[in-house]
Structure formats: C-alpha cells, structure tokens
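Structure first, commentary second.
Every read-out reported here was derived from the displayed coordinates using simple, explicitly stated rules and does not represent laboratory data. Quick caveat: nothing in here was measured; it's all calculated off a predicted structure. Here the Cβ is made from the backbone with ideal geometry for all residues, glycine too, and neighbour counts use every protein chain on show.
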Amino acid sequence: MPSIDTMNTQNVWKNVLEEAEQALSRASFHTWFRKTELASLSDGIATIHVPNEFSKEWMETKYRHLLLKLLRNAAEDIRDVVFVIHSGESKQKTSHRTASLPDTHTIPLPLTTPRINRETNLNPRYTLESFVVGPSNELVHAAATAVTKQLATLYNPFFVWGGVGLGKTHLLHAIGNAIAKEKNLKVRYITSEKFTSDFVSALRTRTVETFRERYRSYDVLLIDDVQFMGGKEKSQEELFHTFNELYSQERQIVFASDRPPRSIPELEERLRSRFEGGMIADIQPPDFETRLAIIHNKAKERGCSLDEETARSIAENVHRNIRELEGALNRVLAEAKDSAIRLSSRQVRRMLANNNNDSQHKVTFKDIVHCVSRYYDLEEKALFDKTRRQEVVRPRQVAMYLAREVLKLSFPSIGVKFSGRDHTTVMHACTRIQEEINSSGPITEELQTLHNTLREYEEGGEDV
Ligand code: ADP
Ligand code: MG
C-alpha cells in the first residue's frame, strides 16, 4: 500500500502536471514533462527526476519558475525544486520515495540549490561577495551594499529592475544575507506571487489578521518580481498598506521587477508612487569583461578551473544574460573529464552550437504577438480586434513596430497580418513609437524588455 507521503507526492505531481499542460503548448509539455516525475517532497524541497543532462538543464533554465509556482499552488510549503537525473525505466515503480540525493557521479557539479533558510527564505549562495561587479551593474551593487549598511534610512524602498537573468534575484538574496549575517533582524524574501497567494488564502480562511501580523513583523522585506502585481487589485491594496506600515516603522523594503514601476501595467497610482519613492536602479546586460569574470567565478565555485581561451570563448558565444552564461558553463563542465579544463575555442563553439541547434528558433510573428500581449497583460486576440481602447491601441502599435523592426516585414504585409489593416495605419503606428523613442518616454524600457524576452524565444523557449 502506498504511504501517505507517496500519495501526497503523487497527488501534488498530478496537479502540477495538469496545470503545466494548460500553461504550455502541447509540444513543450510533451517534450519536457512526459518523462519527469516528482520523486520526493521533503523539507520543502521538491526533487524531480528528469531523464538526462540536457533535459535537466532545460528544466532548470526554462521551467524552474513555472514549476515552483505550480508546486506551491499544490503544496504551500515548497521552497525549492531540485532536478536530478534518473534514468529509471519504469515511472510507476519509482514513485515511492527514492533517496532525494542527486546521483553525483553523473553530474560533475555540486548541487545547485543549497539549503534555503526556512526563516528568511534566503538562498545562502547568493551573496554580495559572489556578485561580480562590472559597468553594467556597479551602481546597483553599490546601492545594494549601501542599503545593508544604512537600513531604512538611505534608500527606502530600494527598487531594482532589469531584464531576465541579469541578477535581480541574486541581489535581493544578497542584501538579505548580508543583513541577516550581521544583525539580529527579521528578514524575509518572497516573490510577489507568494505574497498574493498568501493573501488570497488568508482571505479564504479568514485569517487576514494573522497574515497582516506576519507581514508587518519583518524588519527587512524583500519582494521579488513585483511586475506580477499588475492587475491584482486586492493584493495591491494589501501591499500598499503593508508597505506603509513597514515604512512608517522604519523597516527596509526592497523590490525587484523586470521593468521600472511606470511600465508595470495596471498598477495603482499610489503603489507606483511608493515604488518610486526611494531609490530606483537598473541592471544592464554584462559586457565581455564582466562575463569573463563571472565565468571564472562560477567555475571556481564549482571547484573547477578554466583556461583563459576556454573562458573567453564561452564569454564570446553567450552574451544575453547571466543565467544563460551559467547554462553554457554547466554544459562545458558537464562534458569535461577533469577539473582543470582546457578547451580550444573551436571545441567550445561546437559544444555550445550543438545544443543551440537543437533549440534554434527564429523569432516569428506569433512570438511577437505572444510576447507583446503577455507583457501588456492582454489577450492575444485583442491585438487584432477593431477596438480603439487606449490600453490596446498602444500595445498593438508596439507589436506592429516590432514586426517591422525585428522581422523586417513591409508595411502592407504587417497590415494584412493585423486583420487587414491599411498600410498607412501601420506606418502611423511605427512613426508614433519612433516619436516616443525620440522623446525618451517609457517606451525605451518597454522595448528593451520586449527585445530581451524575444531573444529568449530565439534561444528556443516555448514553441508557440
Ligand atoms: P534575475 O532575477 O534578474 O532573472 P538571477 O538573479 O536569477 O536573475 O540571476 C541568474 C543567475 O545569474 C543566478 O545564478 C545568479 O547567481 C547569476 N548572476 C547574475 N548576476 C550575477 C553577477 N553579477 N555575478 C555573479 N552571478 C550572477
Ligand atoms: Mg529573478
């Protein structure tokens, strides 16, 4: 008979799979999730079995966030997810509790998810010291360091924004870790989604008072991914009050987001002005030298050393963001035989190219539509509708502009794609956006995020 634990694990996984199936395209779901299973749930860590190294990495880079979200929906106390290669033949047979330790002989890398602190929710691996500083992030790093030294008095709130995989989450944890190490204060890291789901379940169970007491007891509150607060009215209101309460008691609040406050759609004005009320700093993609330093650092953290040529060729081949850089490094380390690694740039290129070919995907019109509608929180269909509502008109113009700029389509053919609109409408849209760019409005940042996201697609993200 299955134990309660096993049943629980199976149920959780069943829920997660059902939701993942809805959230992803059929092909993605089929390719990546079919051969996975939840091996164990213990101490808040979900261990997921994946069939091979490639799938492990793919899950880590592409689906980690989604999985964590879905797992937390199914079992609240899950803090982290670990992917372990497991080539067991039978899915069913292995669904009893298997040892949750990774079989390290197949992975020459240490476990990438060290123990998350239960009290603070902080990952000890992310520190200010392990954050490599270069021109793209030195300001934000300096500001973060200053925050830890002058809590609540210097930059409050501190708001960090920047594209995917550039180190925002790392910095939030680093601030938290630095404070928790030196001072005996109550520090807490959470994502905005966690805040929202906690609040919603407090409403449901009529425990809002307890929720409030808890969130208002922190000396330092770090909230990640606040762009997801957009459109969630009740949670925004609650966050607004939480903020005021903490702020008035001189507690430090730090936010991170993939875009600046003024570009978060459907954000209440009063919350926006709170976000903007302290220090706002952005992180840009790293330059070559910084990438190189990061590669050397990360290799060292994993107990390996790379010769200069190997490191340089990785840095040359991967430029978009740091998460990808780590992915590429993992790939190189996984294939290397021992800990001192010396590869020619040709070998590195081939290694990285092999993987890229698998997933190389050129940005399509559909990607643009998908990406723009997600960014502005609209249904895709709205972009094609006749409506002239301002909240749709501008995103539509942005989509047209991107179709022109990224895909180099002609004005008439873009018109055709947008439900047969006239080419002059498309020209007008492109001119409008160009004007906004010239007058350095918020569009510059919006486009930057959109371009970043599209690049992710190019890397072979979701096959939409
Ligand atoms: P974001 O939250 O902006 O999407 P993360 O903070 O999750 O990005 O960073 C992605 C990965 O890149 C993490 O493993 C992080 O440690 C690493 N990273 C990002 N920036 C740096 C940096 N400046 N130095 C070292 N590692 C970094
Ligand atoms: Mg993040």
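Points worth noting:
- Extending 7 Å from the Cα toward the beta-carbon at both ASN244 and SER42 defines two label points whose distance is 4.7 nm.
- Applying the criteria of a DSSP loop state and at most 14 other Cβ atoms within 10 Å to the GluC sites (Glu not before Pro) of the stretch 200-282 yields GLU250, GLU266, GLU276.
- Pairs of Cα atoms nearer than 8 Å and 6+ residues apart set the relative contact order; for the stretch 129-246 it is 23 percent.
- Stokes-Einstein translational diffusion, the stretch 138-283 - Kirkwood Rh over all Cα pairs, 1.567 mPa s, 4 °C, in µm²/s: 86
- Percent RCO, i.e. relative contact order, over the chain, from Cα pairs under 8 Å lying at least 6 residues apart: 13
- With 0.36 nm allotted per residue and the present C-alpha distance subtracted, the SER419-LYS366 stretch has 17.7 nm of extension available.
- Inter-label distance, nm, simple model (7 Å from Cα along the C-beta direction), SER344/LYS186: 6.1
- Bridging of LYS381 to lysines at a Cα separation below 24 Å is possible for LYS232, LYS362, LYS366, LYS408, LYS417, once same-chain residues fewer than 8 apart are set aside.
- The stretch 266-328 and the stretch 422-443 have Cα centres separated by 31 Å.
- Straight-distance crosslink candidates among lysines, where the alpha carbon sits under 27 Å from LYS183 and sequence neighbours closer than 8 are dropped: LYS149, LYS168, LYS194
- Span per principal axis, largest first, for the Cα atoms of the chain (Å): 63, 57, 50
- Taking the average, over residues, of other Cβ atoms within 10 Å as the packing measure, peptides 148-154, 388-394, 412-418 rank 412-418, 148-154, 388-394 from highest down.
- Along each principal axis, taking the top coordinate minus the bottom one, the Cα set of the stretch 281-414 gives 61, 34, 21 Å in descending order.
- Note on the stretch 9-90: Kirkwood radius taken over Cα pairs, Stokes-Einstein applied at 10 °C and 1.306 mPa s, translational D equal to 127 µm² s⁻¹.
- Distance between modelled label sites at GLU435 and GLU18, nm, 7 Å Cα→Cβ extension: 5.1
- Zone residues, the stretch 236-268, relative to VAL200, backbone N less than 14 Å from point 7 Å out along Cα-to-Cβ: 236
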